[in-house]
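See below for the structure under consideration.
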Ligand SMILES: NC(=O)c1ccc[n+]([C@@H]2O[C@H](COP(=O)([O-])OP(=O)(O)OC[C@H]3O[C@@H](n4cnc5c(N)ncnc54)[C@H](OP(=O)(O)O)[C@@H]3O)[C@@H](O)[C@H]2O)c1
């Protein structure tokens, strides 16, 4: 049987943030199944360990870190080694009608959804630990990016992801000189803890799901497989792109 597989991550080391839960956890596991060696990070050491135990293969590394804490980010950067891939997945949701969008709430959301991925990438680039032909993937959202779905109360979250989308494109242009590709994925609603802590009921979720042409919310694997593609050599001519993965909800 042929071993030809342009989507393979064999021989690549990939750092995945937000790997203690949801999309980040599944992405780390799928990357390991595709032959990659992963460095996983999250805040909750027990849940990070659960992810670690599900990884396939050897030599993976786990680092507990709060990405809004500068010292933790320093330790993470120091323990990565040379990276072929970086998945910036850690993030939080926040529902707040516009009149209650205080600066404190914006600071909390922007700290982890926008500043932390941008700062982590900046430090890794400055330290020159992202390999030539490396691939960076920002996890944004359809909830605020161009062509996305602008739902009521999602302004702070949507704005943080729109800022991330914009910086992704600037970084893609500037890092192309080192042959580093920078892309994003924009998921629709995915079944993770993030959407379980919202303010809408199960009935409202079911009604919303019916508005999706494919009649379901995403599973973390739906997003992880798009990320694997962007990390792999199959996407070696793709940069500055946002891959919308949303069951058709923004058609
Ligand atoms: N689920 C969706 O419908 C959806 C849709 C579009 C985009 N997204 C995006 O997908 C990404 C992952 O979300 P998810 O749905 O997988 O949510 P999740 O299951 O709640 O996972 C969020 C992850 O982010 C980590 N995190 C949060 N704050 C952190 C901090 N200060 N420092 C370090 N890590 C931190 C969490 O770590 P700990 O748990 O260890 O604290 C966890 O691993 C987010 O960026 C989210 O905006 C999700």
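General observations
- The angle separating the long axis of helix 155-175 from the principal Cα axis of greatest extent in the chain is about 30 degrees.
- Principal-axis tilt of helix 70-79 within the chain, Cα atoms, nearest 10 degrees: 40 degrees
- Crossing angle, helix 45-54 versus the chain [Cα axis fit, 0-90 degrees, rounded to tens]: 60 degrees
- Between 83, 214, 48, the GNM of the chain built on Cα springs shorter than 10 angstrom shows 214 fluctuating the most.
- Per-residue [θ]222 nm for the chain (sum of -39500 (n - 2.57) over DSSP H runs n ≥ 4, rounded to 500): -11500 deg cm²/dmol
- Label-zone membership for the range 107-132, site residue 179, 7 angstrom Cα→C-beta point, backbone N under 18 Å: 125, 128-132
- Diffusion coefficient of the range 13-241 by Stokes-Einstein, Kirkwood radius over Cα pairs, 37 °C, 0.692 mPa s: 185 µm²/s.
- Gyration tensor (alpha-carbon) shape descriptor, the range 62-126, a/c threshold 1.5: prolate
- Peptides 107-115, 58-66 ranked from most to least packed give 107-115, 58-66, packing being the mean of other C-beta atoms within 10 angstrom over each peptide's residues.
- Length-normalised contact order for the chain - Cα pairs under 8 Å, 6+ apart - percent: 21 percent
Quick note: the coordinates plus some simple rules give every number you see, no bench work behind them. All values reported here derive from a predicted model rather than from experimental measurement. Here the Cβ is made from the backbone with ideal geometry for all residues, glycine too, and neighbour counts use every protein chain on show.
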